[in-house]
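Structure record follows, encoded as structure tokens.
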Amino acid sequence: MDAGSVYSSPSPSSSTSRYLKSQSRFPLQEQFLQRKKPRENLDRFIPNRSAMDFDYAHYMLTEGRKGKEIPPASSPSREAYRKHLAETFNMNRTRILAFKDKPPASVELFPPHFFSSAPQDKSAKPRRHIPQTSERTLDAPDIVDDYYLNLLDWGSSNVLAIALGNTVYLWDGSNGSTSELVTIDDEDGPVTSVNWAPDGQHIAIGLNNSEVQLWDSTANRQLRTLRGGHRLRVGSLAWNNHILTTGGMCGLIINNDVRVRSHIVETYRGHEQEVCGLKWSPSGRQLASGGNDNRLFIWDRSMASSNAATQWLHRLEEHTSAVKALAWCPFQSNLLASGGGGDDRSIKFWNTHTGACLNSVDTGSQVCALLWNKNERELLSSHGFSQNQLTLWKYPSMVKMAELTGHTSRVLFMAQSPDGCTVATAAADETLKFWNVFGAPQVAKPAPKANPEPFSHPRELQGKEMQHQMIQRTLELTANIREQLQPRELQGPGQLSGSKVQSSALKVHSSRLMSDKYASN
């Protein structure tokens, strides 16, 4: 019999268990046993004999049933009188031994948190809801089903660029409008890579004929074409300020300064096959490159022009398949995540300072792309056969938080919105989907308003003002006394000296101020 089927006539003793087992094999379905009522307790109740009506119980056992077994002939008035009498004396009860008092509710001697070993964290964040379906789906006809290309990117101006065959389309995330940027001739196409510049206005387009075009998306015009660096198609691009790094099928990695005519400034040699992954670190000091030769290189800009025997900082060969998926950690500058192809199926984490592999996780399927959550310690990976799913991982435990399905073919490309919350995925099934996998954008808390006065309390303001007035009045009175004492000091010794008059006047004035203060309060 097929797995998960239910027998047609199960026995009563095993029907419930077999039903639960069969239902648990289906994902996203969970059965719960019916719980008891919260007031129900399993402790026995010891009745109180004083709460029982033994006289009524004796009557019901002896005399109460006689009238029901042989009902006497009576008139309607007599029957009505009997019913009224029974209601008056509460003789319509059906239970013989009935308690007048309800059993007391169980009392918990200790609160529930007394037995909890871990302290309760009041500041713990509620678990974020992760939608299991995409919020928007767009058609992506003629998208090239090639693992080694990079045909999707989301710029800082909230414009998404996607290459479909020989044409590059722009989708504006602010209003949902779509426009065509450029269509390449058949002899030069198809488009093999797209990547936005940091300003969100200029975009680089790699072609199958080894050329790279630079376009101004606002003016919708081509600025220049970079030639002479590669011999075969350019499948990977990465910006670092004004430096555009290109990776080709020839295995070369070239740094191009787009400001000058002779744009080739540095060339990295290390890969023996096509370069399919390029990512600059957020600091712009290190470059990670992955290739079809199963190698991962870490390049340092300070070593590019040196006379060292090797240009790379680290050559990592732990992957057993092509390395395309690369993602620098936003909260740890020297942490890099890389994903392997169909024969590798693993996500590895690297310390780019030492070259050590920190962890390796077997995902069970081809890893096509990786994205870090900018707000939480989470990593999103897109996969190929057999489920073609998106997997959200919690870092560093690498516990699966969610698996999102919806594509019917391998999810080749991923791009992240500028706010870091929405992820766009393009798959070989010719669909472009948008997922709200990283939650809502964080709203900045308003800064507290500065107090215009050093004392915000009204009583403090009133007291400060009164002290200021007292000081002003004291200074004015002192000045007046000094003016009055100047001629008196020229008189004979029989007169009071100016200092004595001043001190006596100040004492009198202080007493007046104190009386005014208490009168005002």
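The values are calculated or read from the model by the stated rules, or taken from the named source; none is laboratory data. Computed from a prediction, not measured in an experiment: that's the story for all the values here. Note that each Cβ is placed from the backbone with ideal geometry, even for glycine, and that neighbours are counted across all protein chains shown. Keep in mind that these areas ignore ligands, DNA and RNA; they rest on the heavy atoms of the full protein, side chains included. Shrake-Rupley method; radii C 1.70, N 1.55, O 1.52, S 1.80 Å.
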Of the residues ARG261, ARG233, which is under 27 Å from PRO190 (Cα atoms) and without any contact (Cβ under 8 Å) to a residue 12 or more places away in the chain? ARG261
So the check is Cβ under 8 Å with 6+ separation or different chains; which pairs have a first residue in the range 372-396 that's over 21 Å from LEU358 (Cα atoms) and a second one that's among the β-branched types (Val, Ile, Thr) and surrounded by fewer than 17 Cβ atoms within 10 Å (Cβ to Cβ)? GLN387/THR405; ASN388/THR405; ASN388/THR408; GLN389/THR405; LEU390/THR405
If you scan the range 350-371, which residues turn out to be more than 23 Å from GLU274 (Cβ to Cβ), under 26 Å from the mean Cα position of the chain (by Cα) and in contact (Cβ under 8 Å) with a residue 40 or more places away in the chain? SER360
Looking at the range 280-296 only, could you name the residues that are open to solvent by 40 Å² or more (accessible area, probe 1.4 Å) and of a type in the set (S, T, N, Q)? SER283, ASN292, ASN294
When (1) farther than 27 Å from ARG285 by Cα; (2) open to solvent by less than 20 Å² (accessible area, probe 1.4 Å); (3) not aromatic (Phe, Trp, Tyr) are applied to THR246, the one that fails is (1)
Strands (runs of 3 or more DSSP E) lying entirely in the range 168-236 (those with 1 or more residues that are open to solvent by 20 Å² or more (accessible area, probe 1.4 Å) and of a type in the set (Ser, Thr, Tyr)): 178-183, 221-226
Applying the selection to the range 147-158, what residues are open to solvent by 30 Å² or more (accessible area, probe 1.4 Å) and either outside any strand (DSSP E or B) or among the β-branched types (Val, Ile, Thr) (or both)? TYR148, SER156, SER157, ASN158
Quick check on my filter: what residues within the range 375-387 are modelled with pLDDT of 95 or more and open to solvent by 10 Å² or more (accessible area, probe 1.4 Å)? ARG377
Looking only at strands (runs of 3 or more DSSP E) that lie completely in the range 372-415, which have at least 2 residues being within 19 Å of TRP328 (Cα to Cα)? 378-383, 390-394
Residue by residue through the range 395-426, note down the ones that are open to solvent by less than 10 Å² (accessible area, probe 1.4 Å) and touching a Lys or Arg at 6+ places or on another chain (Cβ under 6 Å). GLY420, THR425
Name, by its number, the condition in (1) in contact with a Phe, Trp or Tyr (Cβ under 7 Å, 6 or more places away or on another chain); (2) surrounded by 15 or more Cβ atoms within 10 Å (Cβ to Cβ); (3) over 14 Å from SER382 (Cα atoms) that does not hold for ALA337. (3)
